[in-house]
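Report on one structure; see the data block that follows.
Any read-out appearing in this document is the output of simple, stated calculations on the displayed coordinates, not a laboratory observation. Not measured: the values here are computed from a predicted model. Note that we place each Cβ from the backbone using ideal geometry, even for glycine, and neighbour counts take in every protein chain shown.
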Amino acid sequence: MEKMRKGGITVETEHIFPIIKRWLYSDKEIFLRELVSNACDAVTKMKRLVSLNEASFDGSYRIDVKVNEEEKTLTVSDNGLGMSEEEIDRYINQIALSGALEFIQKYEGENEDSGIIGHFGLGFYSAFMVADRVEIVSKSFTDAPAVRWSCNELGEYEMNEADKAERGTDIILHVTDEEADFLKKETLTRILDKYCAFMPIEIYLNGEEKPINDTTPLWLKNPSDCTPEEYSEFYKKLFADWQEPLFYIHINADYPLNFKGILYFPKPSHEFSNMEGQVKLYYNQVFVADNIKEVIPEYLMTLRGVLDCPELPLNVSRSYLQNSGYVSKISAHIVKKVADKINSLFNTEREKYEGIWDDLKPFVEYGCMRDKKFLDKVKGSVIYKNVDDKYVTLSEYTEKNTKEAGKVFYATDKTQQSRYIALLKEEEIDVLLLDSIIDSQFITHLEQENADVKFVRCDSDIAAALKSEGETVENEVLKELFVEAIGKEKTEVEFASLKNEKTPAMITLSEQERRFSDMMKLYSRGENMPGMDNMGEKLIVNTKNALIEKISTMLSDPAKKETAKLLAKQVYMLALVSQRTLTADELEAFVNNNVDILSNI
Ligand code: ADP
Ligand code: MG
């Protein structure tokens, strides 16, 4: 005797089907994730019933995704706990429908923000995004008779008894002609690989022998049971990268935060400057979304890996993520784990750490500038390369350089500033090499955070350690000569007695003014700003130098005044070429001055 029930859409749900149809237009493919994850849930529930002795089964659990090309159907089958007629009525006709309705009402306004919404499903009814008729054929684990539910795209369903002996559920989608792509094996393989690759129950496509998924992904294992090879293999497979990551972090948080994951720091690829990482977010092994910026702070966006957050509802919106305490705690936990890892590499594997530092540095420095907490955690592990390619921390530097307490000398160009570096080295003062754009912003930031440290470029004010003791004799006439010879209003002339007697003169630049003009240059895309040249430039004339003495004596003989001026100019130009690249005009003047001096011999 066949029982038949008919039903139809209620007033409330009148519009739900058309909405589902156009909903999430670009992310239709998630219907498959929804159906397969429902199948997983049904199997998991069945397993639990068996473990509680409320049902028995000793076969193997599986999910099948099968295409029938002639019928144009796609079927998702499981041997989970199944549903009785009453259960379909309750869970599909009532609860699932109202759930989908609620979801649509809640997020319809956010439709434009399609970036994330599309990743989150609306459950069973998302099947109608690709099908004009959906059938459920189910046999419950209880002795309730098997049942068939069939529903068209207007939401009109009918239910009757079905002929199904084995326990479980088949969801049969009559795929529309427009969506026929979802009947193709390649399409299904791609979608299953994206969303279902780590689901906990074996999934088979078109009855093939091998499941498409890995039911026990590495992140669920205890970190102490995983080998470095497993981490490396997992990374390479997941991200199709042949390079070893720089390091990885396995997060296994149980309480109070419940989430697991593995994060990798990839080796920056220099061929393509695409440094965008990829952190895949999972909900109980079901893929939800990529690169959720609410979870991973921007400066760690280069991280790759997986996060499984079972407390994150599957149906979440961007505004939920932005305001969720759980999400911000996860984010803070990740930052802490990354900082811990950096500190532990620094403390226990210094050599390896120095080996990866150049790749790590931009992210650490950027992170320190963006996030005070991160800075506080890792600042002791920030290392600096010196001009001899050795790495030191700031405290190692200051401990050693007691001659100039509180000052940290650096060069931005090893070749250009070699004279200065050499002079400082003579006094055993170490010089760091800070030659990237981020460095200059980073040191300014550090100085703001820590008043005890002052970074000075090696061509800034002459270090006290370079000067010899005793007073410097000022010579107004000589000073006048230099001012005249230089012929630049802004360049000051000063006398000093330098320990290094071979150096006639040096250019120095005020650190603050130079940083300011560098910054302006950066904003004006490398163009020289008028009036910014020689900003804070000083010529330090070394009274200990023989050539300077010679020029000075020439001044008492009026016949030698012109030659003295040529020599003074030459001293300035030599100091200038030791400090920076000459401009075209300066080079021209330099060459002419040389010719004039040579003609005078
Ligand atoms: P959710 O999975 O969030 O509960 P769905 O709309 O995906 O929402 O599914 C609604 C309900 O239908 C499920 O909670 C479950 O009770 C039932 N259901 C769906 N698919 C299956 C299945 N394959 N086997 C057993 N029950 C199912
Ligand atoms: Mg579901």
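Values as computed for the structure displayed
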quantity: Reach of LYS569 by Cα under 27 Å, taken over lysines that are not fewer than 8 positions away in the same chain; calculated: LYS414, LYS467, LYS479, LYS488, LYS490, LYS499, LYS502, LYS538, LYS544, LYS550, LYS560, LYS561
quantity: Positive minus negative residues near GLY207 (Lys, Arg vs Asp, Glu; Cβ under 15 Å); calculated: -3
quantity: Added length on full extension, which subtracts the Cα-Cα distance from 0.36 nm per residue, VAL456 to LYS329; calculated: 41.8 nm
quantity: Rounded if a/c under 1.5, otherwise prolate or oblate - the range 183-272, Cα gyration tensor axes; calculated: oblate
quantity: Estimated FRET transfer efficiency when R0 is 25 angstrom, pair ASP585-ASP359 (beta carbons, to 0.05); calculated: 0.05
quantity: Vicinal HN-Hα couplings computed from phi for the range 235-244 (Karplus, 6.51 cos²θ - 1.76 cosθ + 1.60; Hz; Gly/Pro x); calculated: 4, 5, 5, 5, 10, 6, 10, 8, 8, 5
quantity: ³J(HN,Hα), Karplus 6.51/-1.76/1.60, whole Hz, each residue of the range 517-525, x for Gly, Pro; calculated: 6, 4, 5, 4, 4, 4, 5, 9, 6
quantity: Per-residue [θ]222 nm for the chain (sum of -39500 (n - 2.57) over DSSP H runs n ≥ 4, rounded to 500); calculated: -11500 deg cm²/dmol
quantity: Cβ-placed point charges (K, R +1; D, E -1), dipole of the range 431-490 about Cα centre in debye, nearest 20; calculated: 140
quantity: 5 angstrom amide H check on GLY305, placed H, neighbours 5+ away; calculated: TYR264, GLN278, VAL279, LYS280
quantity: Contact order normalised by residue count of the chain, Cα under 8 Å, 6+ apart, percent; calculated: 8
quantity: Dipole magnitude of the chain about its Cα centre (Cβ charges: Lys, Arg +1; Asp, Glu -1), debye to nearest 20; calculated: 1280
quantity: Among THR215, ILE201, PHE482 - extreme Cα towards positive end, dipole of the chain, charges at beta-carbon; calculated: PHE482
quantity: Long-range HN-HN contacts of PHE455 with modeled amide H, under 5 Å; calculated: VAL408
quantity: For the range 279-287, 3J(HN,Hα) per residue [Karplus equation, 6.51 cos²θ - 1.76 cosθ + 1.60, θ = phi - 60°, Hz, x = Gly/Pro]; calculated: 10, 8, 9, 10, 10, 6, 6, 9, 5
quantity: For ALA131, distant residues with modelled amide H under 5 Å away; calculated: THR176
quantity: Leading residue at positive end of dipole, the chain (Cβ point charges), from HIS445, ILE292, MET535; calculated: MET535
quantity: Estimated dipole of the range 430-553 in Debye, rounded to 20 [Cβ of Lys and Arg +1, of Asp and Glu -1, Cα centre]; calculated: 300
quantity: FRET E, pair ASN206, ASP177, Förster distance 25 Å, beta-carbon r, rounded to 0.05; calculated: 0.75
quantity: Pairs of lysines in the range 148-254 (C-alpha under 19 Å apart; 8 or more residues apart or interchain); calculated: 10
